[in-house]
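The values are calculated or read from the model by the stated rules, or taken from the named source; none is laboratory data. The structure presented is a predicted model; accordingly, all values stated were derived computationally and were not measured. Because the Cβ atoms are built from the backbone with ideal geometry, glycine has one as well, and the counts that use them run over all protein chains shown.
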Protein chains: 2
Amino acid sequence: MIDLTELTYDERGLIPAIAQDRVSGKVLMLAWMDTEALRRTLATRRATYWSRSRQEYWVKGESSGHTQHVSQVRRDCDSDAILLTVDQVGPACHTGAPTCFDVYRPLLAQEADAGPTGSTKPIEESHAAVSA
Amino acid sequence: MIDLTELTYDERGLIPAIAQDRVSGKVLMLAWMDTEALRRTLATRRATYWSRSRQEYWVKGESSGHTQHVSQVRRDCDSDAILLTVDQVGPACHTGAPTCFDVYRPLLAQEADAGPTGSTKPIEESHAAVSA
């Protein structure tokens with residue numbers, strides 16, 4: 001049994017939680033948890049976050065039906081971030097996109113060069129490349 | 001060209017950045033950037049973060065050689081998190097682990113049940129399961 005207070009929370013009492021799709025490996029979203037959200041997530045296996053804007057707990061998919069069934073929860077080496085492995089029902093993003101990182105203008109979308117090892121092309125993007 | 005100030009930074013001027021391995025899809029780490037770290041990352045294609053503990057920029061792998069060559073940078077739907085797709089040289093974690101989420105006691109490591117769809121087992125863990 002891990003004491004959830006062993007984790008390192010920020011000054012708001014929150015820790016960033018990354019949700020990754022168990023099957024596709026896609027990073028679905030980043031949201032925030034406090035100890036209670038994490039406790040609820042572990043107890044129910046449904047991803048439950050803390051909404052900073054609404055200042056309330058939200059069970060992912062509670063209204064949309066796009067729930068996240070949690071298979072694994074890991075912390076990182078500093079215990080200040082957690083990674084959830086989830087089975088995502090439907091799209092993860094409230095916009096209807098499969099992930100929250102899907103359809104927003106990429107800051108960087110293409111390799112300028114193949115690098116010293118001649119590595120392969122990055123994951124294809126259907127959007128126009130926008131570099132800063 | 002995206003104005004990097006369009007992103008939403010926290011009260012410290014920081015945005016969480018997830019690094020994901022381009023080839024394996026593994027989530028390697030979560031770190032923090034400000035506009036300057038992001039600008040440097042986009043300009044050099046080497047992941048550059050802001051260290052909250054040391055209060056300085058750090059080019060990932062600058063001392064260890066375990067650099068991250070950045071293929072893609074995407075923001076999420078709220079523009080308050082970014083996802084880097086990287087080619088990781090060597091282990092991502094300063095402990096020598098392949099990822100920062102690798103070897104730390106999982107908070108939840110096994111399915112309590114296979115779920116309504118009889119889904120397959122989650123990714124295997126070599127560590128003992130520790131549930132809260």
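Would you confirm, using the coordinates I've provided, whether B:Arg75 is more than 18 Å from B:Lys26 (Cβ to Cβ), facing another protein chain (nearest Cβ under 7 Å) and among the charged types (D, E, K, R)?
Numbers: more than 18 Å from B:Lys26 (Cβ to Cβ): yes; facing another protein chain (nearest Cβ under 7 Å): yes; among the charged types (D, E, K, R): yes.
Against the criterion (more than 18 Å from B:Lys26 (Cβ to Cβ), facing another protein chain (nearest Cβ under 7 Å) and among the charged types (D, E, K, R)), B:Arg75 qualifies.
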Please determine whether any residue of the stretch A:16-23 is at the interface with another protein chain (Cβ under 10 Å from one of its Cβ atoms) and not in a strand (DSSP E or B). yes
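Looking at the stretch A:45-57, which of its residues are of a type outside the set (Gly, Ala, Ser) and facing chain B (nearest Cβ under 10 Å)?
Looking only at the stretch A:45-57, we keep the residues that are of a type outside the set (Gly, Ala, Ser), and these are A:45-46, A:48-50, A:52, A:54-57.
Hits for the stretch A:45-57 are A:Arg45, A:Arg52.
Mind checking whether some residue in the stretch B:64-71 is touching a strand residue (DSSP E or B) at 6+ places or on another chain (Cβ under 9 Å), at pLDDT 75 or above and in a loop (DSSP other than H, G, I, E, B)? Quick ask: steps written out before the conclusion?
Here is the first cut: in the stretch B:64-71, the ones touching a strand residue (DSSP E or B) at 6+ places or on another chain (Cβ under 9 Å) are B:66-71.
Applying the additional criterion that residues be at pLDDT 75 or above yields B:66-71.
Restricting the remaining residues to those that are in a loop (DSSP other than H, G, I, E, B) gives B:66-67.
Within the stretch B:64-71, one or more residues are touching a strand residue (DSSP E or B) at 6+ places or on another chain (Cβ under 9 Å), at pLDDT 75 or above and in a loop (DSSP other than H, G, I, E, B).
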Can you tell me which residue within the stretch A:4-40, out of those that are charged (D, E, K, R) and closer than 17 Å to A:Asp78 by Cβ, is surrounded by the fewest Cβ atoms within 10 Å (Cβ to Cβ)? A:Glu11
Pairing a residue in the stretch A:39-54 that is without any contact (Cβ under 8 Å) to a residue 60 or more places away in the chain with any residue that is among the charged types (D, E, K, R) and surrounded by fewer than 21 Cβ atoms within 10 Å (Cβ to Cβ), where Cβ atoms lie under 7 Å and the two sit 6 or more apart in sequence or on different chains, gives A:Thr48/A:Arg40; A:Trp50/A:Asp34
Give me the pairs: first residue in the stretch A:83-101 and more than 9 Å from every other protein chain (Cβ to nearest Cβ), second residue of a type in the set (Ser, Thr, Tyr) and in a strand (DSSP E or B), beta-carbon distance under 7 Å, and six or more apart or on different chains, which are they? A:Val86/A:Ser71
